[in-house]
1. Just wondering, is there one or more residues in segment 93-114 that are surrounded by 15 or more Cβ atoms within 10 Å (Cβ to Cβ), under 19 Å from residue 33 (Cα atoms) and over 15 Å from the mean Cα position of the chain (by Cα)?
2. I need the full set of residues from segment 63-92 which are out of contact with any Phe, Trp or Tyr (no Cβ under 9 Å at 6 or more places or on another chain), open to solvent by 30 Å² or more (accessible area, probe 1.4 Å), part of a strand (DSSP E or B) and not hydrophobic (A, V, I, L, M, F, W, C), in order please.
3. When the residues of segment 14-43 are filtered to those that are in contact (Cβ under 8 Å) with a residue 40 or more places away in the chain and open to solvent by 80 Å² or more (accessible area, probe 1.4 Å), which remaining residue is nearest to residue 147 (Cα to Cα)?
4. Residue by residue through segment 51-62, note down the ones that are touching a residue at least 40 places away in the same chain (Cβ under 8 Å) and not in a loop (DSSP other than H, G, I, E, B).
5. Could you look through segment 22-50, keep only residues that are assigned to a loop (DSSP other than H, G, I, E, B) and not aliphatic (A, V, I, L, M), and pick out the one that is farthest from residue 5 (Cα to Cα)?
Amino acid sequence: MSLSEYIGKDHIRIFEEPVDQSEVLHQLGDMLIRTGAVRVEYMEAVCKREQAFPTGLYTGEVNVAIPHADPEHHVMKPTIALGVVRKGVLFRNMADPTVDIPVQLVFLLAPERGETQLVILELIMNLIQDQANMRQIMDAQGIEDVWNVLGQLVHVEGKS
């Protein structure tokens, strides 16, 4: 399995202007709802879970958030929405929820069951462990370029 099986071009959004966490989650969630991947209830659960269990990860120069919730029959198709936030957006740190960290990449997970969530999390963790990978995604110009960079990174990782 690879990330390219879960992230489609129609689920990538680049935020050029400053945004807050709520706006990022809602815009990414709206993409998933419009494409029939999730029901509205799933996004409500994601927002609620993010408040109780933050998903911001300090990974170095480019930080990540991986918001998600239990599928509970609200996920129609396992997928990931990716938000590239050029100016960063504050998420609470998973390791220390009292600390906000600026996040540049938001991977909104929508697994249809727990096993899929574990697979997706493993794929994302493999990707984000290398800051060069993260920088390539951040430097990509436009959705097509982000998609191409992800495809190249996934292809390279598959050979490792």
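1. yes
2. 92
3. Checked segment 14-43; the qualifying residue nearest to residue 147 (Cα to Cα) is 16.
4. If the condition is that a residue be touching a residue at least 40 places away in the same chain (Cβ under 8 Å) and not in a loop (DSSP other than H, G, I, E, B), then 56, 57 are the ones that fit.
5. Here the answer is 39.
The values are calculated or read from the model by the stated rules, or taken from the named source; none is laboratory data. The structure displayed is predicted, hence computed values, not measured ones. Neighbour counts are summed over all protein chains in view; Cβ atoms, including those assigned to glycine, are modelled from backbone coordinates with ideal geometry. When the accessible area is computed, the model is the full protein with side chains, heavy atoms only, and any ligands, DNA or RNA have been set aside. Shrake-Rupley method; radii C 1.70, N 1.55, O 1.52, S 1.80 Å.
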